[in-house]
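The block underneath contains the structure these notes are about, expressed in structure tokens.
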Amino acid sequence: MGTPKIFESEYRFCLILWEHEPAATTELVKLCRETLGWKRTTTYTVIKRLGERGVLKNDNGMVTSLVSKEEVQASEIDELVEKKFEGSLPAFIAAFANHRKISEDEIDEIQKMIDRYRKGGPQ
């Protein structure tokens, strides 16, 4: 089974959780009120929904994630490339590069990544 779908508001919640986990539900309520402007009930609803979908675990009021930020980001990119670029990574990169200035440092880092993959994968 793949990474569960996380919607935008849930992702903003997860960013808070990943930064503070493990976190008590009361702490998450406070952080979500301060950061997102959420009411207590909204935070508890999101915790419940994400728990039901296997994104996090709420064990007696202590919340921990079951999926990492990197897993969620990778899943979102895979979905985006598949839906909008017919599965073509080069088409995605071309669209991205044509609409955003890429610095020399970023180009160098991308080239290093390509070189690592050519040598057998990420390192």
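All of the numbers you see were taken from the coordinates with simple rules; none came from a lab. Only a predicted model underlies this, so the values are computations on that prediction, with no experimental measurement involved. Because the Cβ atoms are built from the backbone with ideal geometry, glycine has one as well, and the counts that use them run over all protein chains shown.
Within region 8-26, being more than 21 Å from residue 74 (Cα to Cα) and in contact with a helix residue (DSSP H, G or I) (Cβ under 7 Å, 6 or more places away or on another chain) holds for 20, 23, 25.
Looking only at region 11-47, residues that are small (Gly, Ala, Ser) and farther than 15 Å from residue 63 by Cα come to 1 in all.
For region 2-50, name all the residues that are over 15 Å from the mean Cα position of the chain (by Cα), without any contact (Cβ under 8 Å) to a residue 40 or more places away in the chain and outside any helix (DSSP H, G or I). Answer for region 2-50, where residues must be over 15 Å from the mean Cα position of the chain (by Cα), without any contact (Cβ under 8 Å) to a residue 40 or more places away in the chain and outside any helix (DSSP H, G or I): 24, 37, 38, 39. Counting only residues that are of a type in the set (Ser, Thr, Tyr), within 22 Å of residue 26 (Cα to Cα) and surrounded by 14 or more Cβ atoms within 10 Å (Cβ to Cβ), region 37-94 holds 4 of them.
Of the residues contained in region 19-34, none is found to be buried (at least 16 other Cβ atoms within 10 Å of the Cβ) and either touching a Pro at 6+ places or on another chain (Cβ under 8 Å) or among the aromatic types (Phe, Trp, Tyr) (or both).
Applying the set (1) in contact (Cβ under 8 Å) with a residue 24 or more places away in the chain; (2) closer than 20 Å to residue 2 by Cα to residue 66 leaves exactly one unmet item: (1).
Go through region 51-74 and report how many residues are in contact with a helix residue (DSSP H, G or I) (Cβ under 6 Å, 6 or more places away or on another chain) and either more than 11 Å from residue 17 (Cβ to Cβ) or in a helix (DSSP H, G or I) (or both). The qualifying residues number 2.
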